[in-house]
Amino acid sequence: MATKILTEHINVPGIETFDVYRKQGGYTAVEKALKTMTPEAIVEEVKKAGVRGRGGAGFPMGMKWSFLAKPEGVPRYLVCNADESEPGTFKDHYLMKNIPHLLIEGMIVSSFALGANKSFIYVRGELMYVIRILEKAIAEAKAKGFLGKNILGTGYDLELVVQPGGGAYICGEETALLESLEGKRGNPRNKPPFPAVKGLYQCPTVVNNVESIATASWIVNNGGDAYAAIGIGRSTGTKLISASGHINKPGVYEIELGVPVEDFIYADEWCGGIRTGHKFKALVAGGSSVPILPANLALTLANGDKRLMSYESLSEGGFATGTMLGSGGFIVFDETSCIVRNTWNFSRFYHHESCGQCSPCREGTGWMEKVLHRIEYGHGHQQDIDLLVDVAKKIEGNTICPLGDAAAWPVASAIRHFRDEFQWHIDNPAEATQPGAVYRGEMALV
Amino acid sequence: MSTTVGNKTVVFTPERLEKAQEIIANYPEDRQKSALLPLLHLLQEQEGWTSPEGMDYVARLLDIQPIEVYEVATFYTMYHIDPVGKHVIEYCRTGPCCLMGGEEVLAHLKQRLGVDTGQTTVDGRFTLKEVECLAACGMGPVFQVREKYYMNLTNERVDEIIDELSK
C-alpha cells in the first residue's frame, strides 16, 4: 500500500471540521513541535526530509528555511502561496477545500520553526468559497487554543490571516505575491535581495506552497529520515498530481515519487488509461509552462528505460527530450488534440497574464500569441515557425521573473516535437481550419 | 464616512464597515494598505462592481490616495471596473477545459444568452466574461458565478443553470 501523507484521511466524512480532523490524529504535530522541539530541530528535520517546493520550482524547502535572516527586533513572516493558477494544476484547491486543517496545522508548525508570529495564506481570489472554509477552520483552531496567544500554554503566539488575491497568475511568483499582499499591483521584484532577507514589509520572509507546508506536520511526527525513505533519489516523499485531459479518471492523486509515467496513466488506481477508444498523443507533465512531450518520449527515456514521475527522470535529456515535474499539473492529449490550437491557447494565457513590467515578456508573449493565432486560423506565413522559435529564445532568460520562461517553453517545445503539425497548418490552411481538423501525419501514438 | 460623486453615494453597510475594520486590523501599524484587495472584494460584493465612487471611499478608509486604489483595481481581473449584470458568468477558456469541449459549450452559452464575451444581456441579468484557468481542470469545462463553481459542463447543464439563475 502506497504511503499517503496528505490524503490519507481526505475522504473521512466531516474531516473539514476540527473535531474530526483531531480524531484522525490531527494537530499532534503542533503539540510535538511546540512542546518538545526547538525551531532549529524542526528545520533540521525538514532538511533531512529533502522535500522540494511543491509549487513548481522544486527548490529544497529546508534550505529555503535555513536562509531566513534573523535580525534582532525585526518580525519574520511565513506566507503560504495558495495562488494556484497554472493551467492543469488544481491540487491545492482540492487540498484546501477538503482538508483545511492540514494546511493550518502545517502553518502553525512551520511558523514556529521560522519564528513567525503572524503568517499569511494568500489564496487566489477566485476561490472565495475556499477562503470561507479556511477562515472557519482558523476560527475553530483558535477556539481550541491552537492559534492566538500562548498556544497550548507554551508561550508561543501566532495569528493566521487569509488574504484573497484579485485574479492575477503572476501573483503566484513569490515577490509579486508579496507586492500584492502589500496592497499593490503584482509586479515581481528584482532579486536579490531575496524574500528570506527582505520580503514582506522588507522583513525576512519565507514563501512556501500549500502542498509544501502541508507536509511539515507529517515530517514533525515521523521524522525527516522517514520522509526521505519514500520516493526515489533526490525526489523524496509523495506528490499530489492533478490529472486532466483525455484520460478516463481525471482527478488529484497522491503518488510516491518514482512511479512510472506509464503506470500513472494506465493503472486503474490513477488515470485509468487514455479516453476509451483513443490513442495517447502528448503529455504536459507539470503544468502548462513545462515543455510538452510526444507520447513516446513521455513514457520512455532516450536509453529505452521507463520514464518515472520524479524531478530527475522527467527532466532527463534536458529540454531536447525531457520536461519537468513542475507543479504536477498533468495534462494528457489524445489523437483528437490539435497541438497548434493548444499552443495558441497557452500562449494567449501567458500574454494575458504577463504583468507588463519587462519588455521581452510584455511584447514577446503578444507576438507569439498573434503568430500562433494566424497559423491556427489559416493565415500562417512560411517563416512563422522560425519566427516563433526566435521570439521564444529572446524572451527566455531575459525577464525579471520566470513568467517569460513559462511563456516561451510551451511554444519552443511544441515546435521542437510537433513541427510537422505547424507546417501542415501553414501548407493546408483550408483543411486545417475545418472544425475539428487535426494533423494525421507521421507521429508516434501510443 | 461616505464618498459622493455626482448623485452617487457609497458607504459600507454597518456590517461591512465592521468587517472592513477587522480586516484593516489584520496588518501591522502603518501597513493598512495591505487591506486594499480584501476591501475591494467587499466593495464589489456590496455594489456589484468597483465604481469610481466606491474606490474613492476605499481610499479614504485606508488613508491612501485614490490613484493607489485605481492602479490596483485595474491590474487584477476580478474587479469589475465597469457596471455588470446581476450574475457575472466567468467562463474558463484555458487549455484543459478546451480539451473537454469548453469551446463548444461556450458557443452554446453565448447563443443561449444572446451575447458575446464582455457583454451584458438586454435584461441586465447576465454578463459573460472569459477568464483564464479557474484551477478546476479535471472537472472542466467550468465557469464560476460569484462564489459558486459549475463544473463538468455540457450544453444541457448550461441550460439548466441559466434557467435556475433566471428565476
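The values are calculated or read from the model by the stated rules, or taken from the named source; none is laboratory data. Remember, it's a predicted structure, so these values are computed and weren't measured experimentally. With ideal geometry, Cβ positions are generated from the backbone for all residues, glycine too; neighbour counts draw on all protein chains shown. For accessibility, only protein heavy atoms count, side chains too; no ligands or nucleic acids. Shrake-Rupley method; radii C 1.70, N 1.55, O 1.52, S 1.80 Å.
Does A:A168 satisfy being more than 11 Å from every other protein chain (Cβ to nearest Cβ) and either hydrophobic (A, V, I, L, M, F, W, C) or out of contact with any strand residue (DSSP E or B) (no Cβ under 8 Å at 6 or more places or on another chain) (or both)?
Values: more than 11 Å from every other protein chain (Cβ to nearest Cβ): no; either hydrophobic (A, V, I, L, M, F, W, C) or out of contact with any strand residue (DSSP E or B) (no Cβ under 8 Å at 6 or more places or on another chain) (or both): yes.
Against the criterion (more than 11 Å from every other protein chain (Cβ to nearest Cβ) and either hydrophobic (A, V, I, L, M, F, W, C) or out of contact with any strand residue (DSSP E or B) (no Cβ under 8 Å at 6 or more places or on another chain) (or both)), A:A168 does not qualify.
Only one residue in A:L134, A:L160 is in the same structural domain as A:L34 (by the TED database), assigned to a helix (DSSP H, G or I), under 30 Å from A:G50 (Cα atoms) and at pLDDT 95 or above. Which one? Before you say what the answer is, go through the steps one by one.
Working: A:L160 fails: assigned to a helix (DSSP H, G or I).
Checking each option against the conditions leaves just A:L134.
Return a yes/no flag: does the range A:174-185 have any residue that is away from chain B (no Cβ under 13 Å), in contact with a Lys or Arg (Cβ under 9 Å, 6 or more places away or on another chain) and polar (S, T, N, Q).
Checked the range A:174-185: at least one residue is away from chain B (no Cβ under 13 Å), in contact with a Lys or Arg (Cβ under 9 Å, 6 or more places away or on another chain) and polar (S, T, N, Q).
Against the conditions (1) more than 13 Å from every other protein chain (Cβ to nearest Cβ); (2) touching a Ser or Thr at 6+ places or on another chain (Cβ under 7 Å); (3) not in a helix (DSSP H, G or I), where does A:G106 fall short? Just the number, please.
Among (1) more than 13 Å from every other protein chain (Cβ to nearest Cβ); (2) touching a Ser or Thr at 6+ places or on another chain (Cβ under 7 Å); (3) not in a helix (DSSP H, G or I), the lone unmet condition for A:G106 is (3).
Across the range B:60-100, which residue is nearest to B:L113 (Cα to Cα) among those that are open to solvent by 40 Å² or more (accessible area, probe 1.4 Å) and hydroxyl-bearing (S, T, Y)?
B:T77
Among the candidates A:E254, A:E211, A:E174, which residue alone is of a type in the set (D, E, K, R) and open to solvent by 20 Å² or more (accessible area, probe 1.4 Å)? Can you show your working first?
Working: A:E254 fails: open to solvent by 20 Å² or more (accessible area, probe 1.4 Å); A:E211 fails: open to solvent by 20 Å² or more (accessible area, probe 1.4 Å).
Matching residue, one of A:E254, A:E211, A:E174: A:E174.
Taking A:G364 as meeting all but one of (1) open to solvent by 60 Å² or more (accessible area, probe 1.4 Å); (2) closer than 27 Å to A:R124 by Cβ, write down the number of the exception.
(1)
Considering only residues that are out of contact with any strand residue (DSSP E or B) (no Cβ under 7 Å at 6 or more places or on another chain) and away from chain B (no Cβ under 14 Å), look in the range A:274-298 and name the one that is surrounded by the most Cβ atoms within 10 Å (Cβ to Cβ).
The selected residue is A:P291.
Is one or more of the residues making up the range B:101-109 open to solvent by 30 Å² or more (accessible area, probe 1.4 Å), hydrophobic (A, V, I, L, M, F, W, C), within 11 Å of another protein chain (Cβ to nearest Cβ) and not in a helix (DSSP H, G or I)?
Taking the range B:101-109 and keeping what is open to solvent by 30 Å² or more (accessible area, probe 1.4 Å), we get B:103-104, B:107-108.
After this cut, where a residue has to be hydrophobic (A, V, I, L, M, F, W, C) as well, the list is B:107.
If we keep only those that are within 11 Å of another protein chain (Cβ to nearest Cβ) too, we end up with B:107.
Now narrow it down to the ones that are not in a helix (DSSP H, G or I): none.
No: zero hits.
Of all residues in the range A:319-338 being open to solvent by less than 10 Å² (accessible area, probe 1.4 Å) and more than 11 Å from chain B (Cβ to nearest Cβ), which is farthest from A:A285 (Cα to Cα)? Full working, then the answer.
Applying the first criterion (open to solvent by less than 10 Å² (accessible area, probe 1.4 Å)) to the range A:319-338 yields A:322-323, A:325-334, A:337.
Of the ones still in play, those that are also more than 11 Å from chain B (Cβ to nearest Cβ) are A:322-323, A:325-326, A:328.
Numbers: A:G322: 10, A:T323: 7, A:L325: 6, A:G326: 8, A:G328: 6 Å.
Ranking the qualifying residues of the range A:319-338, first place goes to A:G322.
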